[in-house]
Amino acid sequence: MASGKEIRTQIGSIKNTQKITRAMEMVAASKMRKAQERMAATRPYSNKIHNVIQHLAFAHPEYKHTYLQEREEKTRVGYIVVSSDRGLCGGLNNNLFRTLLKDIQEKTDSGIEIDVCAIGKKATSFFSRLPVTLTAQVTQLGEEPSAEELVGAVKVMLDAFEEGRIDSLYLVFNEFVNTMTQENKVMKLLPNVQAELSEGMSHHWDYIYEPDAKEVLDSLLVRYIESLVYQGVVENAACEQASRMVAMKSASDNAGDLIDDLQLVYNKARQAAITQEISEIVAGAAAV
Amino acid sequence: MAMTIHVDVVSAEKEIYSGLVEAVFATATMGEIGIYPRHTPLLTSLKAGEVRVLVNGQEEQFYVSGGMLEVQPHVVTVLADTAMRADDVDEAAAIAAKEAAEKSLAESAEKLDYAEVQAQLAEASAQLRVVQRARKSAGR
């Protein structure tokens, strides 16, 4: 059995770890609140731009954008994968990647190649090890991701779609349901055919476009996709903090259990030492 | 009271203004436009400039660095950009994102595979443990 001193140092080091995890838990909790606020703040924009896109579906523009035209998945598919920059957030990233891997496996089995745009360090390091093409990456978004930083990465994928190098584009991220639940989500961004579904049920009208339909629709759709990606990033950031908070809480709890167990062992060892000492003394006294 | 129209001014990161106004003025790419209630549906891009709304005869101003403006019969939506947008700026950002990806790929090829190394380390330490245990029991 380990000696009393050894156990004491072990308990001490676990206590230190517990202090760290508890601090991280609290930090994550406060960051999560902020991330949730940010998530709520982006909602008006994404709702509004979604409305505009819906209106567009009702209108009958003389110009059909490539993003809205159905296309078959034949040779190459693009994914925008949103992950966190830092670890210690439970299985958040790994669960997401696992879901995605299944998807990718199916695609590669049927001979479709994969392009990945990685957002966040974890996705970059994960996908650089896989047989997929990493076409763009953004890392170090920090706690306050700005829409601006995503523009470049999204453009790489949009250009690839427009030029026909990829046949469809998906966004992969964690959806924030509540603190305990984050859902892996694979969302189809392009081609966006759902906007066309409502066609035919409206009277004929169209916007006045300034300067012209093509230009306006181009920039509107690009912004729409960007806003979806941004929403995904912001949601993923909230998920990251929530998941870190939960992970750190369970780590603190585990440390507590460990300390209790070790304390018991320590007490037993101490008691055994005392008993032994007494019996030695008694035996010694009897011998005299 | 004068006729009013609902206006929402939003940027990707927050809501800027929402409410009933008498008129909206904005700098569109084709020139300054003024929108009063019952304007015909319109979709236009905005230049960097100010968006003004008229509320009870008072003007309120916001600065936007570009964006889109949509007019529906009862609602005007201004989707403001958070940053300066131009084709060449976007292009530069795209190239930067591509280069970052290439760089990290090159780095990971150079560096030893971290996961593999870790697996090897775990294996080696397991072997070491077995050897130590064997030695201990032999020593007794």
*Ranked by Cβ crowding within 10 angstrom, fewest neighbours first, how are B:E102, B:E70, A:E62 ordered?*
A:E62, B:E102, B:E70
*asked:* At most 13 other C-beta atoms within 10 Å and a DSSP loop state: those are the exposed trypsin sites (Lys or Arg not before Pro) I care about. Give me the longest piece of chain A that has none.
replied: A:130-288
*Count the net charge of all other residues whose Cβ sits under 15 Å from the Cβ of A:L169, scoring Lys and Arg as +1 and Asp and Glu as -1.*
-3
*Would you list which lysines come within 19 Å of A:K122, measuring only between C-alpha atoms, while excluding same-chain residues fewer than 8 positions from it?*
A:K102, A:K185, B:K98, B:K103, B:K111
*Projected area of chain A, taken from the Cα convex hull and averaged over every viewing direction, in nm²?*
20.7 nm²
*In what sequence do A:T9, B:T77 fall when counting other Cβ within 10 Å, fewest first?*
A:T9, B:T77
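Rule-based calculations on the coordinates, nothing more; no lab input. Note that the structure is a prediction, hence the values are computed from the model and not measured. Cβ atoms come from the backbone with ideal geometry, glycine included; neighbour counts cover every protein chain shown.
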